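**Q** This structure is in structure tokens; I'll ask about it shortly.
Each reported figure results from applying straightforward, stated rules to the coordinates on display, with no laboratory input. Since the model is a prediction, treat every value here as computed from it, not as a measurement. In this analysis, Cβ positions are derived from the backbone assuming ideal geometry, glycine residues included, and neighbour counts consider all displayed protein chains.
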There are 2 protein chains.
Amino acid sequence: MTKLEKGPQGRRRGRGARERILSASQQLFRAQGINRTGMDQLCAVAQVSKRTAYQHFTGKDDLVAEYLRRFDPDIMAGVFDRTDLTPRERLLAAFEVPTSGPEELTPLCPYIAATVEIHDPQHPASQYARDYKLAVAARLAETAREGGAANPEQLGEQLALLLDGASARTRVLNAESFPAAAAIAAVLIDNALPATDRDRGSEKGAVRFE
Amino acid sequence: MTKLEKGPQGRRRGRGARERILSASQQLFRAQGINRTGMDQLCAVAQVSKRTAYQHFTGKDDLVAEYLRRFDPDIMAGVFDRTDLTPRERLLAAFEVPTSGPEELTPLCPYIAATVEIHDPQHPASQYARDYKLAVAARLAETAREGGAANPEQLGEQLALLLDGASARTRVLNAESFPAAAAIAAVLIDNALPATDRDRGSEKGAVRFE
DNA sequence: TCCTTTGTACACCGAGCTGTGTACTTAAAA
DNA sequence: TTTTAAGTACACAGCTCGGTGTACAAAGGA
């Protein structure tokens, strides 16, 4: 009991250090931004010693890159995987607010945020951001093709642009912009998809989903 | 000539210190971002002593706010002032790339950049950003009304969203997105404006795009 | 000419940042 | 039980940043 009093005082949190670090990153980078989140604070929230953090990641840049990579695997899963919806409905579902809270705003897309904060197009984070954006557009195009769109790539790119616009504008205006984007999306989709799929038609189509 | 050798060495640049500072801000904040531009570098570029800078602005925050205020007066002048164009053409002109260089990308809207970098919605810069965005939407709505749009406010907000989307996406993808946004805008405008104004229509004024 | 305003040179402070070195402890696999 | 991988506490180096204090110099109107 010599100098042991301070040794295991904040007792061991076990092995999941890396997970805790990444989870704290997600929380803090979103809430405060990347540049305004210091490694000290991050380690405190993750309940991890600074030394441990730098054993798992070569530096903050590395951590940021990993933080972004985390979003990749589930590119808008829960939207594109919903086989119960028609392609048209799936495309529109991408604009539905995550329904987090009643008055809570949709947070700015972390890839846009990272690109602006990092500011270096060569940084891995910026690379991931491009890859992700292209992947989303491709997913949308794929669904558009499934729905029989005349030019699925164009529709995918257009819808992706709407998503980014809604994301950025929600942040700047501090007011939800996704409903407005969804309205535009509906127009574009109805213009691009054949009428047979336009099941939502007021009265003339009226096929409903088969 | 005792200690005078260093006195007037970098000789006086005259009275326009404030202008030089703001002009250097514009250059550096756009090129490097706000957070990555230190006051030392800024003063060096402006050819102004640090002391002088802090006599004109109470702090960096103040400077950032003034930097953004500079854009206000001419809210997209040169677009809305073009009386030679029909309202429809003016709305579309807002999407024309500033034609800076042949291969140069449209820079990210400084208000979006500042909002993301500053991250504090209470910061004057964020306030200005909101004000500016609302002003642009209002201008667009005004022109839409002039063109006889059924719901000018809605069209203005929609076009503003497209502009923001193109701006953000151009930055993230590192590829020009304004033409794609312009294509969407054309659809929305043609849907909203009465056929009489749809002078550009290829034939019969269909709502086609492409 | 004088005098006020504006700008200058430069050292310096304190805070916060990323990242490291060292000596130690613990959990769990072997 | 022994060994090893993972985690810890903490001080500290080194840097950049925003911002200030001081003493001085020049421009320009009166």
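**Q** What do you get when you divide the Cα radius of gyration of region A:14-69 by 2.2 N^0.38 Å, with N the number of residues?
**A** 0.97
**Q** For region B:40-131, what does the alpha-carbon gyration tensor say about shape, rounded, prolate or oblate, given a ≥ b ≥ c as the root eigenvalues, a/c under 1.5 as rounded, and a/b over b/c as prolate?
**A** Note, shape of region B:40-131 comes out prolate.
**Q** If you don't mind, another one. Give me B:Leu92, A:Leu163 ranked fewest to most by other Cβ atoms within 10 Å of their Cβ, as a rough exposure proxy.
**A** Lowest count first: B:Leu92, A:Leu163.
**Q** Counting only other chains, and only Cβ atoms inside 10 Å, what mean value do you get across the residues of A:108-121?
**A** Average neighbour count from other chains, rounded to a whole number: 5.
**Q** Here's something else I'd like to know. For region A:87-197, what's the relative contact order in percent, using C-alpha pairs closer than 8 Å and at least 6 residues apart?
**A** 32
**Q** Here's another thing I want to ask about it. Could you order the peptides A:45-54, A:77-86 from most to least packed, using the average number of other C-beta atoms within 10 Å per residue?
**A** Values: A:45-54: 16.2, A:77-86: 13.3.
Highest-to-lowest ranking by the protection proxy: A:45-54, A:77-86.
**Q** What ranking do B:Glu157, A:Glu104 get, fewest neighbouring Cβ atoms within 10 angstrom at the top?
**A** With the sparsest Cβ surroundings first, the list reads A:Glu104, B:Glu157.
**Q** Please give the FRET efficiency for B:Ala135 paired with A:Asp62, using the beta carbon to beta carbon distance and R0 = 45 Å, rounded to the nearest 0.05.
**A** Using R0 = 45 Å, I get an efficiency of 0.60.
**Q** For labels at A:Ala77 and A:Asn174 in the simple 7 Å Cα→Cβ model, what's the distance in nm?
**A** Placing both labels 7 Å along Cα→Cβ, they lie 3.6 nm apart.
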